[in-house]
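Here's the structure we're looking at; comments come further down.
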Amino acid sequence: MLRHTSAMTAAAPATIAVRVILFASYADLAGTDEVTATLPGMARVTDLLDWARATLPGGARLPDRPLVAVNRTHVRLDTVLIDGDEVALLPPMAGG
Amino acid sequence: MLRHTSAMTAAAPATIAVRVILFASYADLAGTDEVTATLPGMARVTDLLDWARATLPGGARLPDRPLVAVNRTHVRLDTVLIDGDEVALLPPMAGG
Amino acid sequence: MTFLTSDSIEVEQLVARVTNPDRGGITTFVGLVRNHQDGRAVTRLEYHAYAAMAESECAALVTEAQRRWPVNVELQHRIGCLAIGDVAIAVAVAGDHRDECFEGCRWVVEQVKHRVPIWKREYYADGSDAWVDPTRLATALTPDPLGSVRHG
Amino acid sequence: MTFLTSDSIEVEQLVARVTNPDRGGITTFVGLVRNHQDGRAVTRLEYHAYAAMAESECAALVTEAQRRWPVNVELQHRIGCLAIGDVAIAVAVAGDHRDECFEGCRWVVEQVKHRVPIWKREYYADGSDAWVDPTRLATALTPDPLGSVRHG
C-alpha cells in the first residue's frame, strides 16, 4: 500500500531504473545473473517481464506468470515498481 | 477361530485353570500381580471378570469393560478361555 | 535390539538404522518427560510394561506400518525410572517422500498409545504419585486396541 | 545461526535448541539427498539460493509457525554441493503435545518448499545435469508463495 500511494502522490518520474537479478535456470538462459532495466515511470512487474522477454537472451522462454520478488518479498505481477527496486525473477523453487 | 472350534469339538473339560496377571493400578488394587483362577469349562473372559470382581481384593473396582489380553494378544470379552491360558487384565495404557 | 529398553534411548542410533541412500526423508518423533501434567508439577516417573506382550505388539505395529507405507520404521520405548527431560519414546520413519514419513510416524506413535501395554506412574512435587489414566484426561480418545483382532 | 548453511547440518544441535523441560514432544524432519529421482540415478547435487530473501522467508515462516501453534521451531537448509545421503534440510519442532509437533513440523516443511527461494541442480549418472522443476513432477502441487502477501 505504501509503495503504491507514494508512487501516485509524488510526481511520477519519466523513467525508473531497477536492478533485475536472475537465478538458476533463468540465469543460465540469460547468461547473466544481474542486469539493470530502465522502464517508464509507474511501470509494473508485468512491464518489466515484457522488457525481459524482449531484451534478455532466452527471455522469450520465461513462463507466462513467473514468480517475482521485489526487494526480497514475493509480489503480485501487478505491483508498481519504483526507482531502485531489486526485482528478482524466480524459477520454480526446489528447496526442502 | 481355532481356539473356539477346538474348544467346541473336544469334550469340554469340567474345569479349567488360567493364569491371571495384573499390572499397574490393578496390581496395586489386588495387592498381587499374579493369581490362578479355576473356572468352568467353556468359560469366557466375562466369566473370568466376574470371578475377579468377586474374588480379588479391590476387584469390585474393575471397570465394566476392562482391556484384556489372552496369551499376549488383545481379545474381545466374549473370547472363550481354555486351560492354561495367560489372561492379563490391562489398566488404561499410558505409553508414548 | 528390543523395542523396550531400561537404558537411555539413543535417538541418533534409531535414525541411523532407518537411513538409506534410497530414502529421501526421515520423520522422527521423540516423547520426553515433561515437568508438568494437567497443571501439576512432575518430578520423575516410572514406566512399567507387560514386557512380552509389549514387544510383540511393537513388532506387529512396525510390520504393519511398513506394509501400509513404503517406509523403514524403528521404535523404542523406555521403561523403568525416568527423570525430567529423558526420552520416553522415539520413532524414526524413513521413506522416499515426506508424505509417508509424516503419516507413518504419526500412525506408529498413535498405535503405541492405543495398543502397547505400558503404564506410567507420575511422581509429583507435593510428594504424591499416581498411575496415569489417559482415558480420564480432557483430551482423551477412547482407545480401541481391538481394531485388528480376530474373535476368540 | 543462519537458516542457510554451506556446512553439514547437525540435526542433534537443532533438536537440542528446541528441547525444553516444559515440552513433551519433538517432531523432526530431515530431508536427505537420494540416489534417484524420477527414475534417474543421481550422483550429487547443488542447492543455490537467493540468500538474503531465503533468510527472511525462513525467519518469517518460523515466526508464523510459532504464532499458529505453541511450539519452538528450528530450521536449517543446506546450500552448495551435496553428496548422496547428505542432509539437505532439517526441521525440529518441540511442543507440549504430539498434535502440534506433527502439524507444525509438516507445515514448516511445506512452507519451505513453497516460499523459500532455493533451487536444486541434479547431476545424473549419465553425466548430464538439470535444474529441478517441482511443478513438472507428476506429484506437483502449484506453489502459491503469495498466500500472505500484500498488494504492491
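The values are calculated or read from the model by the stated rules, or taken from the named source; none is laboratory data. Because the structure is a prediction, the values reported are computed rather than measured. Neighbour counts run over all protein chains shown; Cβ positions are idealised from the backbone, glycine included.
Numbers for the structure displayed
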{"read-out": "Top-ranked residue in segment D:23-46 [being part of a loop (DSSP other than H, G, I, E, B) and within 18 Å of the chain's Cα centre (by Cα); ranked as farthest from D:Gly80 (Cα to Cα)]", "value": "D:Arg34"}
{"read-out": "Residue in segment B:49-58 that is among the aliphatic types (A, V, I, L, M) and touching a strand residue (DSSP E or B) at 6+ places or on another chain (Cβ under 6 Å) present", "value": "no"}
{"read-out": "Qualifying residue in segment D:5-21 (condition: touching a strand residue (DSSP E or B) at 6+ places or on another chain (Cβ under 6 Å) and within 21 Å of C:Gly104 (Cα to Cα))", "value": "yes"}
{"read-out": "Extreme residue, farthest from the other protein chains (Cβ to nearest Cβ), among residues of segment C:13-22 that are over 14 Å from the mean Cα position of the chain (by Cα) and closer than 18 Å to D:Glu12 by Cβ", "value": "C:Arg17"}
{"read-out": "Residues of segment A:23-60 that turn out to be within 10 Å of chain D (Cβ to nearest Cβ) and of a type in the set (Val, Ile, Thr), as a count", "value": "1"}
{"read-out": "Segment D:23-34 - residue that is β-branched (Val, Ile, Thr) and farther than 13 Å from D:Val109 by Cα and, of those, nearest to the other protein chains (Cβ to nearest Cβ)", "value": "D:Ile26"}
{"read-out": "Count of segment D:31-54 residues which are in contact with a helix residue (DSSP H, G or I) (Cβ under 8 Å, 6 or more places away or on another chain) and closer than 18 Å to D:Val91 by Cβ", "value": "1"}
{"read-out": "Yes/no for A:Leu90 being more than 8 Å from every other protein chain (Cβ to nearest Cβ) and crowded, with 16+ Cβ neighbours inside 10 Å", "value": "no"}
{"read-out": "Complete set of residues in segment D:115-138 that are of a type in the set (Lys, Arg) and either crowded, with 22+ Cβ neighbours inside 10 Å or touching a strand residue (DSSP E or B) at 6+ places or on another chain (Cβ under 6 Å) (or both)", "value": "D:Arg115, D:Lys120, D:Arg121"}
{"read-out": "Out of D:Glu46, D:Glu103, sole residue that is at pLDDT 95 or above and either surrounded by fewer than 16 Cβ atoms within 10 Å (Cβ to Cβ) or more than 11 Å from chain A (Cβ to nearest Cβ) (or both)", "value": "D:Glu103"}
{"read-out": "One residue from B:Thr46, B:Thr38 being over 27 Å from C:Lys113 (Cβ atoms) and either aliphatic (A, V, I, L, M) or surrounded by fewer than 16 Cβ atoms within 10 Å (Cβ to Cβ) (or both)", "value": "B:Thr38"}
{"read-out": "Strands (runs of 3 or more DSSP E) contained in chain A and holding at least 2 residues modelled with pLDDT of 95 or more and hydroxyl-bearing (Ser, Thr, Tyr)", "value": "A:34-40"}
{"read-out": "Lone unmet requirement of (1) surrounded by fewer than 16 Cβ atoms within 10 Å (Cβ to Cβ); (2) within 12 Å of chain A (Cβ to nearest Cβ) for D:Val112", "value": "(1)"}
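Table: residues versus (1) within 10 Å of another protein chain (Cβ to nearest Cβ); (2) surrounded by 22 or more Cβ atoms within 10 Å (Cβ to Cβ); (3) farther than 15 Å from C:Lys120 by Cβ; (4) without any contact (Cβ under 8 Å) to a residue 12 or more places away in the chain.
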site	(1), (2), (3), (4)
C:Gln37	yes, no, no, no
C:Ala59	no, no, yes, no
C:Arg67	no, no, yes, yes
C:Ile79	yes, no, no, no
C:Gly85	yes, no, yes, no
C:Ile89	yes, yes, no, no
C:Gly95	no, yes, yes, no
C:Asp99	yes, no, yes, yes
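Residue-wise test of (1) of a type in the set (A, V, I, L, M, F, W, C); (2) in a loop (DSSP other than H, G, I, E, B).
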site	(1), (2)
D:Arg17	no, no
D:Pro21	no, yes
D:His48	no, no
D:Cys58	yes, no
D:Arg67	no, no
